[in-house]
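The values are calculated or read from the model by the stated rules, or taken from the named source; none is laboratory data. Predicted model, so just to flag it, every value in this text is computed and none were measured. Note that each Cβ is placed from the backbone with ideal geometry, even for glycine, and that neighbours are counted across all protein chains shown. For accessibility, only protein heavy atoms count, side chains too; no ligands or nucleic acids. Shrake-Rupley method; radii C 1.70, N 1.55, O 1.52, S 1.80 Å.
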Amino acid sequence: MPFHSFSFLMTQSPYLHIVKVAIPIPVNHLFDYLLTDNSLTVQPGARVLVPFGRNKKIGFVVNSANHEVKPNFGLKSIIKVLDHPALISHDDFQFLSWASRYYHYPLGEVFATAFPVALRKGKTVQYSQTKYYQLSDRGKCLNPQQLKRSPKQKQLFELFMTEKQALSTQYLNQYDKNWRSAANALVHKQLLTIVYDLPSPPVNTEPPLSANNQQQQAINQLIQQLNHFSVTLLAGITGSGKTEVYMQVIQQVLEGGKQVIVLLPEITLTPQLEARFRRRFSVQLSLSHSRLTESQRHTAWMSMQQGHSAILLGTRSALFTPLQKPGLIILDEEHDSSFKQQQGFRFSARDLAIMRGKFLDIPVILGSATPSLESLHNVEKRRYQLLTLSERAGQASQPEFLLLDIRNQSLMNGLSKPLIKRIQQTLAKKEQVLLFLNRRGYAPVLICHSCSWVARCLHCETSLVIHYDDNILRCHHCGHQQSLLHCCPDCQATSLDSLGIGTEKVEKGLHQLFPNHSVCRLDRDSTKTKGSLEENLRQINQGEIDIILGTQMLAKGHHFPQVTLVALLDVDSGLFSIDFHAIEKLAQLIIQVAGRSGRAEKSGQVILQTRQPHHPLLTILLKEDYLSFAKNALAERQQAQLPPFSFQALIRVYAKTEDSSVLFLQQVGGLIQQLSFDNLQVLGPVPAPMAKRAGYYHFQLLLQHSQRRSLQALLDQLVPQLYAIKLTQKIRWSIDIDPIDLY
Ligand code: ADP
Ligand code: ZN
Ligand code: ZN
């Protein structure tokens, strides 16, 4: 049938076409615009350029509808529709809308988070690949007569039925230069889909390892479930070969022509891991993390969107990357708190990964050596399937733990005598030592011996940390710094002293104690220059370093096979914290740090210096294992009705004055009272654990309920009212759903 006989003459429409647009600004409503160009259709999720105030903004289409002509209320028109079709699928549109509702965060801002910066700013997308249209599964079953009221669509639809194959844009252009609006309408009705060149079938470059029994069981189980949504928690001790399991499952997904997203904490996304994936898979692999440029991230996003790339390795925001052929989402180190975004759109990439898996109907794998209590609770509730790897792959054995009671012991720069002795013994055997202390700088406090004056930050409620190396005092909260003082500004005494220990101080102590051994300090200060971390890691692996000392940075990702002694210098700060999450984080940290050692045939020893050697949970962790610890910790949470046995939302506010912060939260409290929800616990307003930070006063109000649904219902009513609160002073407020720290 002659396709070119299409007539695209538009009769004057008796309707106004009104489009609801989400604009990335902090408001909780959508904006109406007119779509005046009748030849265009808009799809949910498509970007549009719209006039906004005196400016223009990029917004995202939420829906559109014809309204009978009424006097036009001065609605402005969309300037330009940037995407037809939308760059995200309908499932992802639904997913993002869900996320906006769940986190009570403006839809426009949620969409903006899902797009790379250039696209947020309105850059037009360049498709380098050939684009095809083809009948969708739904389209294949449709009788064309059902389209008889839209003759142009019917005609185009019939062309696809006759051709029985995907048709490229070039092909369609030859028939009629105006085919696009009919095609877009059919896409909108989900009768046609768009495809690009799909990933070519994988060719193995390096064969998979032969899996051990536990690995094989996990792989088989996971492969059986590849076609639908499911959540699996892969709990495997460090070095048990989780990555190998992921890779063998990914292999299957690729063979089915589908794509995979692998999310990792920033710090574990190392070049070594990337190299491991590249050696194994010959398909295109993309990366998305904060060390890349915006343009690199944009390219990765488009490569996945168009299906050029089959694997995406990335950090939390990579979760939103659109997929041409979604197959699998993996989240490694699922317990890691960096999966929770702590400002702006405060989403949990772990929780959203599961929701996205649900919307896309694909499996989600969560992996960890130290699973979060939430995930273990979900296993107990049979929401997740649990697969365990309890042995180290290869030959390595498990380390042995020792609690070292340091009450009444004099410490030399943070090290007790028994620990120093162990270090000596290890060094004598020519083996490596790893010391962990999660505090940078020389010491956290500078104090005057004569008058007890303490160097404090001018902007925060905290003391300044001494950094001898740079000869400064620095605030670790706002970055304020000043030169190091050598006499007291209050009493002019020169007897200034340091309190507490930081890595710099331990390093100096180690040089004195072990002058003939090499020490390498790894923290954010010592690895500031680009490439220095890599160089340090190389020296460590070559055995040029005897003692490794570091912070957080050491706890993740890196493997130090020649280390046989690991010591955590201070575990007590985790035991004394007021935040109920602290003990879980400490247990995870201990196991993760311990997992860095003894990879090879040599078994390792892990020493914990503590003033609470009989702490019950700590004892269970070391005598039994992490899973027993978790079971007990969960029982404590249940008894106290804390999450995951209840649900929390934290309303935070900050302002230049204390009064305006408190006043706002009191108003919020009043609104909550009016809503009178049963069984709702309201704690606060109270000052945040560190109330004054960078010159602002932080206060908070914690809401807790035993039912997630009830808490959400309350917030549905409350949040719109928060936007409406009139304030005399400028304040900033935010809502954190499922907060992971109360700080
Ligand atoms: P995890 O991700 O659980 O920490 P990895 O997958 O990194 O563990 O595996 C740890 C080490 O064991 C790696 O060097 C890996 O190559 C090796 N390994 C994993 N599975 C096997 C196996 N089935 N046979 C031999 N070596 C293995
Ligand atoms: Zn003094
Ligand atoms: Zn400060």
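Here is how the numbers come out for the structure above:
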{"quantity": "Criterion violated by Ser660 - all others in (1) within 25 Å of His377 (Cβ to Cβ); (2) polar (S, T, N, Q); (3) open to solvent by less than 20 Å² (accessible area, probe 1.4 Å) satisfied", "calculated": "(1)"}
{"quantity": "Flag for Lys340 being over 22 Å from Ala118 (Cβ atoms), open to solvent by 20 Å² or more (accessible area, probe 1.4 Å), of a type outside the set (Phe, Trp, Tyr) and at pLDDT 90 or above", "calculated": "no"}
{"quantity": "Single residue of Leu742, Leu650 found to be under 24 Å from the mean Cα position of the chain (by Cα) and modelled with pLDDT under 90", "calculated": "Leu742"}
{"quantity": "Test result for Asp351, under 30 Å from Lys325 (Cα atoms) and open to solvent by 40 Å² or more (accessible area, probe 1.4 Å)", "calculated": "yes"}
{"quantity": "All positions within segment 58-95 that are modelled with pLDDT of 95 or more and in a strand (DSSP E or B)", "calculated": "Ile58, Gly59, Phe60, Val61, Val62"}
{"quantity": "Residues located in segment 542-587, provided they are under 19 Å from Arg611 (Cβ atoms) and assigned to a helix (DSSP H, G or I)", "calculated": "Asp572, Ser573, Gly574, Leu575, Ala582, Ile583, Lys585, Leu586, Ala587"}
{"quantity": "Search result, residues across segment 697-706 that are closer than 18 Å to Lys730 by Cβ and open to solvent by 40 Å² or more (accessible area, probe 1.4 Å)", "calculated": "Tyr697"}
{"quantity": "Segment 426-466, residues that are without any contact (Cβ under 8 Å) to a residue 40 or more places away in the chain, in contact with a strand residue (DSSP E or B) (Cβ under 9 Å, 6 or more places away or on another chain) and away from ligand 3 (no atom under 16 Å from the Cβ)", "calculated": "Trp453"}
{"quantity": "Residue count, segment 385-425 (criterion: out of contact with any strand residue (DSSP E or B) (no Cβ under 6 Å at 6 or more places or on another chain), open to solvent by 60 Å² or more (accessible area, probe 1.4 Å) and either part of a loop (DSSP other than H, G, I, E, B) or within 16 Å of ligand 1 (Cβ to nearest atom) (or both))", "calculated": "10"}
{"quantity": "Selection from segment 44-72 of residues that are surrounded by 13 or more Cβ atoms within 10 Å (Cβ to Cβ) and either within 28 Å of the chain's Cα centre (by Cα) or among the acidic types (Asp, Glu) (or both)", "calculated": "Pro44, Gly45, Ala46, Arg47, Val48, Lys57, Ile58, Gly59, Phe60, Val61, Val62"}
{"quantity": "Selection status of Arg709, under 25 Å from the mean Cα position of the chain (by Cα), surrounded by fewer than 19 Cβ atoms within 10 Å (Cβ to Cβ) and within 30 Å of Arg456 (Cβ to Cβ)", "calculated": "no"}
{"quantity": "Exclusive hit being open to solvent by 40 Å² or more (accessible area, probe 1.4 Å) and more than 16 Å from ligand 3 (Cβ to nearest atom), set Arg356, Arg382", "calculated": "Arg382"}
{"quantity": "Any hit, segment 164-181, residues being at pLDDT 90 or above and buried (at least 21 other Cβ atoms within 10 Å of the Cβ)", "calculated": "no"}
{"quantity": "Of all residues in segment 680-696 being open to solvent by less than 60 Å² (accessible area, probe 1.4 Å) and under 18 Å from Gln667 (Cα atoms), the one that is nearest to the chain's Cα centre (by Cα)", "calculated": "Ala688"}
{"quantity": "Residue that is farthest from His705 (Cα to Cα), among those in segment 629-641 that are under 27 Å from the mean Cα position of the chain (by Cα) and open to solvent by less than 60 Å² (accessible area, probe 1.4 Å)", "calculated": "Phe629"}
{"quantity": "Residue in segment 460-467 that is over 28 Å from Leu510 (Cβ atoms) and away from ligand 1 (no atom under 16 Å from the Cβ) present", "calculated": "yes"}
{"quantity": "One residue from Asp470, Asp490, Asp497 being open to solvent by 50 Å² or more (accessible area, probe 1.4 Å), under 14 Å from Pro444 (Cα atoms) and not small (Gly, Ala, Ser)", "calculated": "Asp497"}
{"quantity": "Residue within segment 504-519 that is at pLDDT 90 or above, surrounded by 15 or more Cβ atoms within 10 Å (Cβ to Cβ), within 16 Å of ligand 2 (Cβ to nearest atom) and outside any loop (DSSP other than H, G, I, E, B) present", "calculated": "no"}
{"quantity": "Residue satisfying all of: in segment 644-665; out of contact with any strand residue (DSSP E or B) (no Cβ under 8 Å at 6 or more places or on another chain) and not in a helix (DSSP H, G or I); farthest from Glu461 (Cα to Cα) among these", "calculated": "Phe645"}
{"quantity": "Candidate set: segment 473-487, residues that are assigned to a strand (DSSP E or B) and more than 10 Å from ligand 3 (Cβ to nearest atom); chosen: the one surrounded by the fewest Cβ atoms within 10 Å (Cβ to Cβ)", "calculated": "Ser483"}
{"quantity": "Leading residue by the ranking (farthest from Val571 (Cα to Cα)) among those in segment 439-465 that are within 16 Å of ligand 2 (Cβ to nearest atom) and part of a strand (DSSP E or B)", "calculated": "Cys448"}
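Residue by residue, here is whether (1) in contact with an Asp or Glu (Cβ under 7 Å, 6 or more places away or on another chain); (2) over 30 Å from Asn632 (Cβ atoms); (3) free of Cβ contacts under 8 Å to residues at least 24 places away in the same chain holds:
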{"site": "Gln306", "(1), (2), (3)": "no, yes, no"}
{"site": "Ala318", "(1), (2), (3)": "no, yes, no"}
{"site": "Leu328", "(1), (2), (3)": "no, yes, no"}
{"site": "Asp332", "(1), (2), (3)": "no, no, no"}
{"site": "Phe339", "(1), (2), (3)": "no, no, no"}
{"site": "Ile354", "(1), (2), (3)": "no, no, no"}
{"site": "Phe359", "(1), (2), (3)": "yes, yes, no"}
{"site": "Pro363", "(1), (2), (3)": "no, yes, no"}
{"site": "Leu386", "(1), (2), (3)": "no, no, no"}
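Here is a yes/no grid of residues against (1) under 27 Å from Ala688 (Cβ atoms); (2) surrounded by 24 or more Cβ atoms within 10 Å (Cβ to Cβ); (3) in contact with a strand residue (DSSP E or B) (Cβ under 8 Å, 6 or more places away or on another chain):
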residue	(1), (2), (3)
Asp570	yes, no, yes
Leu575	yes, no, yes
Phe580	yes, no, no
Ala587	yes, yes, no
Ile607	no, no, yes
Gln612	yes, no, no
